[in-house]
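Values in this text are rule-based calculations from the coordinates and carry no lab data. Keep in mind the model is a prediction, meaning the values are calculated, not measured. Methodologically, a virtual Cβ is constructed for each residue, glycine included, from the backbone with ideal geometry; neighbour enumeration extends over all protein chains shown.
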Amino acid sequence: MTRIYDVHGNIVPVTVLLAGPCPITQIITAEKRGYSAVQVSFGDVKEKSLNKAAAGIFKKTNTPAGRWFRELRTAKASTFQVGQTIKCDAFAAGDYVDVTGISKGKGFAGVMKRHNFAGGPSTHGQSDRARAPGSSGSNTYPARVYKGKRFPGHLGAEVVTVQHLEVVQVMPEKDLILIKGAVPGTKESLLTIEETVKRIKKRIIHLPEKKEKKKEAKAAPAAAKPKAAGK
């Protein structure tokens, strides 16, 4: 992560991601597997480090060897071709994306760190229960612990998706994307960037012309009403 300045001089925290190039190695259709997707490869690797299955895919598609394979589901898979390269210019500044990755592993953690429990009281006689989870259920009824009860355990190292992140800047010449905010995972970990599934609210911009017209209407004097002839 780093930070940049926008046109107004405000600091914007961003994460710099190396996005692409990602050659397409396979087109998956609904007739074959029941869903529509494209398979892409990413990363540099020596050909001697590949197994025979992966080496055969790159030889068949005539694409450079890649370290990872990923399938990206899309309803427009038929519009792509094997050997075509997807680059970071597929996104533009102002777009919103969802970023998926494997979060940092933090090992065994207690309930306060893992589930944000408040902990026990620090006074009134307590000596060793400050960070304990407390009661896990009643005795007579239900006489058991409900499924899904939050307990200490393994924290992190799981698939996490952060939604609705804004693309601040795209650098096609360096294959870099600057995304506002943090993304899951450690440095040099693999991420998947997709168009956001959340609805983007349109910002209502009030034009200054409308306000000027209202001011002019208020400043104009009211027209004199014609007086009716009386007796």
| request: Mind putting a number on the dipole of the chain about its Cα centre? Charges go on the C-beta only, +1 for Lys and Arg and -1 for Asp and Glu, and I need it in Debye to the nearest 20. | output: 1200 debye
| request: Between Asn139 and Ala90, with labels modelled 7 Å along Cα→Cβ, what's the label distance in nm to one decimal, could you check? | output: 6.0 nm
| query | When only C-alpha pairs under 8 Å and at least 6 residues apart count, what is the relative contact order of the stretch 1-137, in percent? | reply | 20 percent
| note | With Cα springs under 10 Å, the Gaussian network model of the chain assigns the largest mean-square fluctuation among Asp98, Asp44, Asp89 to Asp44
| query | Remind me, what semi-axes does the stretch 148-193 give for its equivalent ellipsoid, largest first in whole Å, using sqrt of 5 times each Cα gyration tensor eigenvalue? | reply | 30, 12, 7
| message | Test of understanding: in a Gaussian network model of the chain with alpha carbons linked when under 10 Å, which of Gly148, Gly34, Gly134 would top the mean-square fluctuation ranking? | response | Gly148
| note | Of the residues Ala90, Ser135, Thr123, the Cα lying farthest along the dipole of the stretch 55-192 towards its positive end, which is defined by charges on the beta carbon of Lys, Arg, Asp and Glu, belongs to Ser135
| If you place +1 on the Cβ of every Lys and Arg, -1 on the Cβ of every Asp and Glu, and leave all else neutral, what size is the dipole of the stretch 1-118 about its Cα centre, to the nearest 20 Debye? | 620 debye
| If you keep only loop residues by DSSP, which trypsin sites (Lys or Arg not before Pro) in the stretch 95-196 have at most 16 other Cβ atoms within 10 Å of their Cβ? | Lys104, Lys106, Arg129, Arg131, Arg144, Lys147, Lys149, Arg150, Lys174, Lys187
| Which is the longest stretch in the chain that no exposed loop site breaks, taking sites as GluC sites (Glu not before Pro) with a DSSP loop state and at most 14 other Cβ atoms within 10 Å? | 1-157
| field | Relative contact order (percent, whole number), the chain, Cα cutoff 8 Å, 6+ residue spacing | value | 23 percent
| At 222 nm, what helix-only mean residue ellipticity would the chain give, in deg cm²/dmol to the nearest 500, using -39500 (n - 2.57) for each DSSP H run of four or more? | -3500 deg cm²/dmol
| said: Give me the extension gain from Lys76 to Glu194: residue separation times 0.36 nm, minus the current Cα-Cα distance, reported in nm with one decimal. | reply: 41.1 nm
| said: Along each principal axis of its Cα atoms, how long is the stretch 40-83 end to end? Whole angstroms, biggest number first, please. | reply: 35, 17, 15
| task | Sorted from largest down, give the three principal axis spans of the alpha carbons of the chain, whole angstrom values. | result | 108, 71, 42
| field | Peptides ranked, highest mean first, by Cβ atoms within 10 Å: ranges 118-127, 10-19 | value | 10-19, 118-127
